[in-house]
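To start, the structure itself, in structure tokens.
No value in this document is a laboratory result; all are computed from the given coordinates. The structure presented is a predicted model; accordingly, all values stated were derived computationally and were not measured. Don't worry about glycine lacking a Cβ; one is built from the backbone with ideal geometry, like all the others, and counts go over all protein chains shown.
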Amino acid sequence: MDKINICDLDFIELERYIESIEEKKFHATQIYKWLHRVGVTTFDEMTDISKSLRQKLSDNTFIMKMEVLQCQKSKKDGTMKFLIGLDDNCAIESVLMRYNHGNTLCVSTQVGCKMGCKFCASTKEGFERSLRACEIEGQIITVQRYTGEKISNVVYMGIGEPLDNYDNVVKSIRLINYPLGLNIGARHISVSTCGLVPNIYRLAKENIQCTLSISLHATTDEKRKEIMPIANRYSIKELLDACKEYIKITGRRISFEYALIYGKNDSYEDAMALVKLLRGMIAHVNLIPVNEIKNGAYKKATEKSIEKFMNTLNSCGIVTTVRRELGSDIDAACGQLRKKYIDKNKSLDNV
Ligand code: SAH
């Protein structure tokens, strides 16, 4: 029989498993803490459980391996970008950003992405697989161990589409949330989606108080279709209807991401169209000067047009901020480091 990945069991599943191997349930508390709070990599580090139980666990289960393959640190602002290797030789990225209110980790949810947004580097190497819940949580544990620093906020804005890996993402939020583990409050967790409408309705009913971010990036279906293939499946109206329902059920404000692309979606008319779409919603707009990716067709909007766009929205009562560009000297746009890693391995294969 295949060994069980013990890290992927939530607390209730772990208790059940411990009972199923005829051990006392209370061991689940000890083991859970070792795996999800301390982040041990071997059973021998679980010093408060007996050798025989440790042996039993290692005979039937395994602790998955996640290791930092590469780490870049920005000289400008201390942002750190990690390339993390998984059990099956896949690699993902996580980014540690330092804000006044604490450390935020941007986590990946899939190895690659199927969504095909034109401006995004994550999608360029195609899709490999979805991450398990423990691999999403494991990014936080791995980075905390590596840096010795505590993570207080988590954003699901790395590689992949969270709502395309729905069950694992929801389970990972519960793992990250769990008091015996990382104990990070759901209000400190943001999930970002390009807009998989049916799963926004599902997420609203999960009773998790996380923040939802919507990658909108355009104000008409025509323009959105040009840059985001998902717009062919769901219209902006359907997307905003789902958002309104999310707000109604959870009482939480939604954050709209809008990447400003030179000459594409950065005009005064675009800003006014956005005002019209969002008027009356409990919303916040986050403007992102688009990160130019290698061989990408899109250019960053000018400083002046970004400021004007923000002022237009703010003066119309839509709370708007510009996302600080962190780590601009270290391939900060998600997917770029992994792409380099794959390109390098490809060229090595050809030698
Ligand atoms: N798939 C999810 C989460 C990952 S992307 C989503 O689409 O929301 C996280 C955010 O970064 C999204 O808002 C995405 O549109 C944005 N993004 C991706 N590539 C970018 C780039 N080159 N410049 C600026 N923002 C980018």
One point scatterer per Cα, no solvent, Debye formula: log10 I(q)/I(0) for region 96-183 at q = 0.23 Å⁻¹ comes out as -1.12
Cα extents of region 38-129 along the principal axes, largest first, in whole Å, come to 53, 34, 21
Sorted by chain and then number, the residues having a modelled amide H within less than 5 Å of the amide H of LYS300, at least 5 places away or on another chain, are TYR262
Given 121-130, 297-306, the highest-first ranking by average Cβ count within 10 Å works out to 121-130, 297-306
Which residues qualify? For ASN103, with a placed amide H closer than 5 Å and at least 5 residues away or on another chain, they are SER152, ASN153
For region 88-96, Karplus-derived ³J(HN,Hα) couplings (6.51, -1.76, 1.60; θ = phi - 60°; whole Hz; x for glycine and proline) come out as 9, 6, 6, 9, 10, 10, 9, 10, 9
A student applying the Cα gyration tensor rule (rounded when a/c is under 1.5; otherwise prolate if a/b is larger than b/c, oblate if not) would label the chain prolate
With x for Gly and Pro, the residue-by-residue ³J(HN,Hα) of region 282-290, computed from phi through the Karplus equation 6.51 cos²θ - 1.76 cosθ + 1.60 at θ = phi - 60° and given in whole Hz, is 7, 9, 9, 10, 10, 8, 10, x, 4
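Just from its helices, what would the mean residue ellipticity at 222 nm be for the chain, if runs of 4 or more DSSP H residues each count -39500 (n - 2.57) and the sum is divided by every residue, rounded to the nearest 500 deg cm²/dmol?
Result for the chain, helices only: -10500 deg cm²/dmol.
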Calc'd 3J(HN,Hα), region 229-243, phi into Karplus 6.51 cos²θ - 1.76 cosθ + 1.60 (θ = phi - 60°), Hz, glycine/Pro = x, comes to x, 4, 5, 6, 8, 10, 7, 4, 5, 4, 5, 5, 4, 5, 5
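Treat the count of other C-beta atoms within 10 Å as a stand-in for reagent exposure and order GLU257, GLU325 from fewest to most.
Numbers: GLU257 18, GLU325 15.
Arranged by neighbour count, lowest to highest, GLU257, GLU325 become GLU325, GLU257.
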